Every structure is written in C-alpha cells, then in structure tokens.
Amino acid sequence: MTTKRIVEHTFESLESMSLNMGPQHPSTHGVLRVVLELDGEIIEKATCHLGYLHRAKEKHAEHKTYHQFIPYTDRMDYLSPMTNNTAFCMTVEKALGLEVTQRCKYMRTLLCELARMSSHLLWLGTGALELGAMTIFLWSFTQREKLYDIFEWISGARFTVSYMRVGGVARADYPEWRRMVKDFLNQYMAAHKEFETMLNGNEIFLNRVVDVGRISAQDAIALSLSGPSLRASGIDWDARRDTPYLAYEEMDFDVHIETKGDCMARYVVRMNEIVESWKICCQALEKLEKCANQPMNIDNPKVIFPPKENVKKSMEDLIHHFLLASEGFKVPPAEVYQAIESPKGELGFFLVSDGGPKAYRLGVRSPSFINLQGLESMSIGHTISDIVAIIASLDPVMGEVDR
C-alpha cells in the first residue's frame with residue numbers, strides 16, 4: 001500500500017509542472033521572468049514577474065532638473081532613445097507652453113523615424129535568430145550599424161544619445177550629416193526586399209509564427225495594448241496620424257493594419273512600418289534641407305542652453321549657461337500628459353510640476369510594460385517553443401518595463 005501511494009503521488013505530481021523561463025534567458029529580451037504552468041509541453045498559465053531591472057527612474061525625476069533627467073530617458077527603451085528624449089521634452093514644453101521651431105520639428109520627426117527603423121530592425125534580427133534564422137540577424141544588424149553611425153555623427157553617442165533638449169536639440173544638423181542620412185535611405189529598400197524575400201515564403205519561419213499567439217481586437221483593447229501589437233489585431237490607431245504632433249501632419253504615410261492578431265500579423269505590421277518610416281524620413285529630410293537657414297532652437301536662454309560659441313564670447317550667455325547647468329529652469333504649476341507613437345506603442349509622460357526646477361511627480365506610460373499584459377492570453381494552449389516566438393513578436397524592452 002505504501003508503495004502504491006508513493007507511485008500515485010509521483011504520477012499526480014507529473015501531471016502539472018511549474019517552470020521558470022528567465023530571468024536569465026536569451027529569448028526573454030532582458031531580465032524577464034515568466035513562470036509557466038505546463039501540462040506536458042502545453043502552457044496552461046504564464047505569469048510575468050518583473051522588477052529585475054528596476055532603477056527608480058520616475059523617482060529620480062523628482063531629484064533632477066528637467067535637463068538633467070534627459071539622459072535617464074535614454075535608458076528606458078534603450079533601442080529607441082531618440083523617441084524617449086522627444087516624448088519627455090515635448091511634455092515639459094507642453095507644461096511651459098512652448099512651441100519649438102519648424103526646423104526642430106522636422107529634425108525630431110526624422111530622428112524619431114530613424115529610431116523606429118533601428119528598433120524594428122533589431123526586433124527583426126533577434127526575433128528571426130530566436131527562430132533559427134541566423135542570416136537575417138546578420139543582415140538587419142548591418143543596416144542598424146549604419147543608423148548608429150548616423151546617430152553618433154549628430155549626437156556624439158551611438159547608443160544613449162541624450163540629444164533632445166527642452167526647446168530644441170543639442171546641436172543643429174549640417175550638410176555632411178544630411179548626406180549620410182540620404183545615402184542610408186537610398187540603399188535601404190533593396191536590403192528590406194531581401195529581408196522579405198528570405199522570410200515571407202520560408203516554410204520553417206511560417207510554421208513558427210502563423211496562428212501562434214493570437215489575440216482578438218476586443219482583448220487587445222481591454223488589455224490596453226498599443227502600437228504594432230494593437231494594429232495587428234485590427235485596431236486602426238496610430239498617434240502620429242490620429243493625434244498629430246511634430247511634423248507628422250505634413251507627412252504622407254499609411255498606417256498598416258492586420259486582423260489575425262497572431263505573430264505573423266505582428267511581423268507584417270512591423271515590416272510595413274519600416275517602409276512607412278522610410279517614406280517619412282525621405283520627406284522630413286527634404287523639408288529639413290529647405291529650412292537649413294532657419295533657427296533650430298527657440299530663442300529663450302532661460303530655458304535652453306545658448307550656443308557654445310556664444311558662451312565663450314558673451315558674459316550674459318555664460319551666466320545663462322551657468323544658471324541652467326546648476327539650477328535649471330522653473331516650470332509653472334501644471335498637470336500635463338504627452339504621448340507619442342514609439343516603436344513599441346504609446347509612450348506617454350504624465351508630469352506634475354509645482355513651480356520648481358524639478359518635477360513634483362513624473363509617471364511614465366511605457367508600452368513594453370502594458371503590452372506584456374497580453375502574453376498570458378497569447379500563450380495559453382501553445383508549447384514552450386511557441387512562447388519564444390510570442391515574446392519576440394511583442395518586442396518588449398525590460399529597461400522600459402522596469403522603469
């Protein structure tokens with residue numbers, strides 16, 4: 001009897017198994033821990049455990065001046081720092097009641113779309129690599145290196161650029177840099193067609209993504225998904241078109257929608273988004289060249305740092321520079337929310353200011369954090385290998401999740 005009870009107990013314990021996926025796992029895109037409840041290899045439950053990369057950025061904002069906080073935004077979605085910089089600076093500008101120059105709008109629009117291309121290319125390369133496609137990884141990263149060269153030439157940094165400023169940008173564009181951008185855009189589409197040729201008809205790739213990780217439009221809305229993850233479920237929403245900001249009202253581009261809501265749909269949406277970003281970049285670059293003689297930053301030395309050459313010649317500019325660096329500028333009491341369409345979805349900053357040089361409270365609506373809510377419903381009924389493709393299709397960045 002004793003032996004029989006032991007055998008029965010052992011058999012029952014094997015019917016359901018708990019498995020830790022992460023936080024050290026290459027396919028979790030950072031330190032994400034997913035606790036899986038399994039029936040054999042079939043997923044019955046998937047619970048995300050977050051916080052392994054928590055660095056209290058929202059709390060840091062309360063102790064840093066508005067300009068000092070800009071480098072912290074680079075380290076949220078560190079695959080798209082230009083968009084993080086832009087969203088935060090636009091939030092502070094909204095609280096101040098400032099409007100940047102037209103040339104600055106074109107510059108920010110161009111850099112945000114280049115950042116979207118860079119982010120999507122990393123998603124394409126790493127996502128394909130996790131499904132066994134090594135060649136795409138090498139090809140997509142070749143293009144990303146060219147984009148990193150572009151970011152380095154304009155900002156001085158390849159990765160954490162800290163380029164945007166409240167009221168403008170750190171430094172203006174110049175002809176050599178615009179030629180570099182044009183050269184990249186001229187050669188990119190040929191490479192993009194090679195990516196699609198390699199994957200769109202690849203039977204192994206299609207077997208891993210078609211009908212895997214489906215989520216309905218109703219569930220996507222209920223879970224507040226945004227960006228490609230929302231549009232792949234048939235919801236026609238893009239902040240660039242529906243709540244225009246910067247120079248997007250002047251741009252001719254399409255918002256691509258898929259209805260199936262699976263990994264393949266999210267792949268198709270992002271691949272089409274890269275093409276649309278390429279179109280926007282071409283238009284923004286052309287408009288930027290036409291207004292090259294106009295001012296880039298606003299003319300307000302109490303908010304934005306004066307030009308470096310002026311600091312060496314003018315006592316007033318030296319004083320303004322010193323005060324901005326040491327004390328910052330004050331923002332009138334206000335509560336504002338500003339959102340943009342980042343590569344992952346709706347990235348929003350909610351700022352509460354109390355009239356001082358630092359935020360009284362800053363909240364971040366990070367799309368990676370919100371989109372991870374859909375992981376469980378997408379994963380139930382699939383296998384362990386499928387969850388690798390599902391996480392890749394959501395494209396989370398843990399620096400943005402654990403802000």
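Remarks
- Every residue from the stretch 340-364 that is of a type outside the set (D, E, K, R) and outside any strand (DSSP E or B): Ser342, Pro343, Gly345, Gly355, Gly356, Pro357
- Qualifying positions in the stretch 274-302 - surrounded by fewer than 17 Cβ atoms within 10 Å (Cβ to Cβ) and part of a loop (DSSP other than H, G, I, E, B): Cys291, Ala292, Asn293, Gln294, Pro295, Asp299, Asn300, Lys302
- Every pair of residues 6+ apart whose Cβ atoms lie under 8 Å, when the first sits in the stretch 60-77 and is more than 13 Å from Gly399 (Cα to Cα) while the second is among the aromatic types (Phe, Trp, Tyr) and part of a helix (DSSP H, G or I): His60/Phe69; His60/Tyr72; Ala61/Phe69; Ala61/Tyr72; Lys64/Tyr72; Phe69/Phe88; Ile70/Phe88
- Test result for Tyr106, of a type in the set (Ser, Thr, Tyr) and in a loop (DSSP other than H, G, I, E, B): no
- In the stretch 98-121, residue farthest from Asp354 (Cα to Cα) [restricted to those that are out of contact with any strand residue (DSSP E or B) (no Cβ under 9 Å at 6 or more places or on another chain) and surrounded by fewer than 20 Cβ atoms within 10 Å (Cβ to Cβ)]: Gln102
- Yes/no for Ala325 being in a loop (DSSP other than H, G, I, E, B), modelled with pLDDT under 95 and among the small types (Gly, Ala, Ser): no
- Among the residues of the stretch 376-399, those that are in contact with a helix residue (DSSP H, G or I) (Cβ under 7 Å, 6 or more places away or on another chain) and surrounded by 22 or more Cβ atoms within 10 Å (Cβ to Cβ) comprise Met378, Ser379, Ile387, Ala389, Ile390, Ile391, Ala392, Ser393, Leu394, Asp395, Pro396, Val397.
- Qualifying residue in the stretch 352-369 (condition: closer than 23 Å to Arg240 by Cα, buried (at least 17 other Cβ atoms within 10 Å of the Cβ), hydrophobic (A, V, I, L, M, F, W, C) and within 15 Å of the chain's Cα centre (by Cα)): yes
- Among the residues of this structure, Gln373 does not count as one that is at pLDDT 95 or above, surrounded by fewer than 23 Cβ atoms within 10 Å (Cβ to Cβ) and either under 23 Å from His29 (Cα atoms) or in contact with a Leu (Cβ under 9 Å, 6 or more places away or on another chain) (or both).
- Selection count where residues are within 30 Å of Gln102 (Cβ to Cβ), without any contact (Cβ under 8 Å) to a residue 40 or more places away in the chain and either not charged (D, E, K, R) or not in a helix (DSSP H, G or I) (or both), scope the stretch 116-167: 9
- Verdict on Lys330 being of a type outside the set (Gly, Ala, Ser), part of a loop (DSSP other than H, G, I, E, B), in contact (Cβ under 8 Å) with a residue 12 or more places away in the chain and under 30 Å from Ser119 (Cβ atoms): no
- Among the residues of the stretch 83-105, those that are of a type in the set (D, E, K, R) and within 20 Å of Ile154 (Cβ to Cβ) comprise Arg103, Lys105.
- From Gly381, Gly399, residue being over 11 Å from the mean Cα position of the chain (by Cα) and at pLDDT below 95: Gly381
- Sole residue being out of contact with any Lys or Arg (no Cβ under 7 Å at 6 or more places or on another chain), touching a residue at least 60 places away in the same chain (Cβ under 8 Å), of a type in the set (A, V, I, L, M, F, W, C) and under 26 Å from Asp74 (Cβ atoms), chosen from Leu323, Leu372: Leu372
The values are calculated or read from the model by the stated rules, or taken from the named source; none is laboratory data. Not measured: the values here are computed from a predicted model. Ideal geometry is used to build each Cβ from the backbone, glycine not excepted, and the neighbour counts take in all protein chains shown.
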